[in-house]
Amino acid sequence: MFSRSVRAAEEALAPFRGLVTLEALIRFNPLNAFVKPPAYTLAVDGASVDTQLTPDYSVPFKARDGRMLTSLVGAHLEAGVRAGRIGQGVHAVGVVLDGRPVASASFDFSVLD
């Protein structure tokens, strides 16, 4: 798409300059009864960030009665955070459900370009 012009590529990517994208992939137990994924969000140092949640469904399969079904197998979480908000240093990035942390990991953002 940008093979003809470096300038076009730079202009297209300008809105994303200074943006850090955080992602998490959640997998549910195969026996879950969720119809839609719970309202998980991402958090940096305990503060929730605006998160896009996309459900992940299985490939369609045929039920015993002949109907084609899919099941909810997980969810993909994504959040764009301005680099200035995170800054340089080690920060905890976590998954939150109903205001309570579900999982977290520490990341050293000072090593990112």
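Cβ contacts < 8 Å: first residue over 27 Å from Gly80 (Cα atoms), restricted to region 26-47; second residue hydrophobic (A, V, I, L, M, F, W, C), any location; separation 6+ or different chain. Result?
Going by the 8 Å Cβ cut-off, the qualifying pairs are Pro30/Val73; Asn32/Leu72.
Provide a single number: the residues in region 3-25 that are assigned to a strand (DSSP E or B) and closer than 17 Å to Val81 by Cα. Write out each step before concluding.
Taking region 3-25 and keeping what is assigned to a strand (DSSP E or B), we get 19-25.
After this cut, where a residue has to be closer than 17 Å to Val81 by Cα as well, the list is 19-24.
Counting residues in region 3-25 that are assigned to a strand (DSSP E or B) and closer than 17 Å to Val81 by Cα gives 6.
Condition first: of a type in the set (D, E, K, R) and in contact (Cβ under 8 Å) with a residue 40 or more places away in the chain. Now tell me which residues in region 66-80 satisfy that. Reasoning before the result, please.
Restricting attention to region 66-80, the residues satisfying the condition of being of a type in the set (D, E, K, R) are 67, 78.
Matches in region 66-80: Glu78 only.
Can you tell me how many residues within region 83-113 are farther than 14 Å from Ala47 by Cα, surrounded by fewer than 15 Cβ atoms within 10 Å (Cβ to Cβ) and in contact (Cβ under 8 Å) with a residue 24 or more places away in the chain?
Number of matching residues: 3.
What number of residues within region 71-90 satisfy the criterion of being more than 15 Å from Arg27 (Cα to Cα), more than 17 Å from the chain's Cα centre (by Cα) and not basic (Lys, Arg)?
So the answer is 5.
Of the conditions (1) surrounded by 10 or more Cβ atoms within 10 Å (Cβ to Cβ); (2) over 26 Å from Leu112 (Cα atoms); (3) modelled with pLDDT under 90, Ser71 clears all except one; give me its number.
(3)
When the residues of region 51-64 are filtered to those that are among the charged types (D, E, K, R) and either at pLDDT 95 or above or in a strand (DSSP E or B) (or both), which remaining residue is farthest from Ala39 (Cα to Cα)?
If we filter region 51-64 for residues that are among the charged types (D, E, K, R), which is where we start, we get 56, 62, 64.
Filter once more, keeping what is either at pLDDT 95 or above or in a strand (DSSP E or B) (or both): 56, 62.
Working: Asp56: 14, Lys62: 29 Å.
This residue is Lys62.
Can you pull out the residues in region 23-56 that are farther than 16 Å from Ser104 by Cα, over 14 Å from the mean Cα position of the chain (by Cα) and either hydrophobic (A, V, I, L, M, F, W, C) or surrounded by 12 or more Cβ atoms within 10 Å (Cβ to Cβ) (or both)? Break it down into steps so the answer makes sense when it comes.
Here is the first cut: in region 23-56, the ones farther than 16 Å from Ser104 by Cα are 28-39, 50, 52-56.
Subsequent filtering for residues that are over 14 Å from the mean Cα position of the chain (by Cα) retains 28-36.
The answer is Phe28, Leu31, Asn32, Ala33, Phe34, Val35.
The values are calculated or read from the model by the stated rules, or taken from the named source; none is laboratory data. Because the structure is predicted, anything quoted here is derived from the model rather than measured. Cβ atoms come from the backbone with ideal geometry, glycine included; neighbour counts cover every protein chain shown.
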